[in-house]
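To start, the structure itself, in structure tokens.
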Amino acid sequence: HAKLLEKKFWAAGTLNEGIDAMPKNSLFRALAETGQKASTNTTSLVGVSDWIGMQIAHQLEDANATLQGGVSFLGSVGSVSPFVGLFGTVWGIYHALMGIGAAGSATIDKVAGPIGEALIMTAFGLAVAIPAVLGYNTINRNNRLVVADLNRFANDLLAYFVTGARVAHKE
């Protein structure tokens, strides 16, 4: 998807056409718009290349923060939920032992219910943890790939805004 956006952008006749070829909510579009704005609002205190580079770097940081939204929550769910399930297991076993203590003997009717609940809680903990960890790993990997694409695009943009030409890449 990122490669297609970049191709559309660089194939456009003008910078504005390239920006318009990208979706409004695209992180790539935001980078291009930031570079365009920075190139028209330069300051005499900082060199053009440095100024545009700083503005694009700020936009990259914002993009990275956007990509990381929710990832920490998934990581927390994936790491905490097995312990919630384990707590349920301990609680169920505790209730089974309390039932045995109150009855004075270990009969199946005193043990089966609480132990069954304990096993269900363990299963719930695993049912939440496994997809959360898999989701976390998938999203984290995809985010790293997108950030790499964004960094490459940002470097190409900086070169374009400073030199007026795109740096050639081997495809």
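The values are calculated or read from the model by the stated rules, or taken from the named source; none is laboratory data. As the structure is a prediction and not an experimental result, all values here were calculated from the model. Cβ sites come from the backbone with ideal geometry, for glycine too, and all protein chains shown count toward neighbours. In case anyone asks, the SASA skips ligands and DNA or RNA and just uses the protein heavy atoms, side chains included. Shrake-Rupley method; radii C 1.70, N 1.55, O 1.52, S 1.80 Å.
Each label point was placed 7 Å from the Cα along the Cα-to-Cβ direction; for SER79 and ASN155 their separation is 3.1 nm.
Segment ALA2..ARG141, full-extension length gain: 48.6 nm, with 0.36 nm per residue of separation and the alpha-carbon distance subtracted. When each of the peptides 50-57, 76-83 is scored by the mean number of other C-beta atoms lying within 10 Å of its residues, the order from highest to lowest reads 50-57, 76-83.
Provide the gained length on full extension for the span LEU86 to ASN25, in nm with one decimal, where the gain is 0.36 nm per separating residue minus the Cα-Cα distance. Write down the numbers at each step before the final one.
Values: separation 61, 0.36 × 61 = 21.96 nm, distance 4.22 nm.
Computed gain between LEU86 and ASN25 is 17.7 nm.
Taking the centroid of alpha carbons for each part, region 12-58 and region 100-171 are 33 Å apart.
I want to verify a result. In a Gaussian network model of the chain, Cα cutoff 10 Å, which of these has the top mean-square fluctuation: LEU67, LEU158, LEU45? Checking each option, the largest mean-square fluctuation is seen for LEU45.
Taking every alpha-carbon pair under 8 Å whose residues sit at least 6 apart, the chain reaches a relative contact order of 26 percent.
Solvent-accessible area of ASP156, all protein chains in place: 10 Å² (probe radius 1.4 Å, heavy atoms, ligands and nucleic acids excluded). Taking 0.36 nm per residue of separation and subtracting the Cα-Cα distance, full extension of the segment from GLU17 to ILE100 would add 22.2 nm.
Between ASP109 and VAL162, the simple spin-label model (points 7 angstrom out along Cα→Cβ) gives 8.2 nm.
The lysine pair count for the chain, using Cα distances under 25 Å and pairs eight or more places apart or on different chains, is 10. With both labels modelled 7 Å from their Cα along Cα-to-Cβ, the ILE130 to ASP62 distance reads 4.2 nm. In plain terms, if you count all Cα to Cα distances in region 48-171 and split them into 10 Å steps from zero, the share in each step is 13, 23, 18, 14, 11, 9, 7, 4, 1 percent.
Building the convex hull from the alpha-carbon atoms of region 92-158 and averaging its projection over directions returns 5.6 nm².
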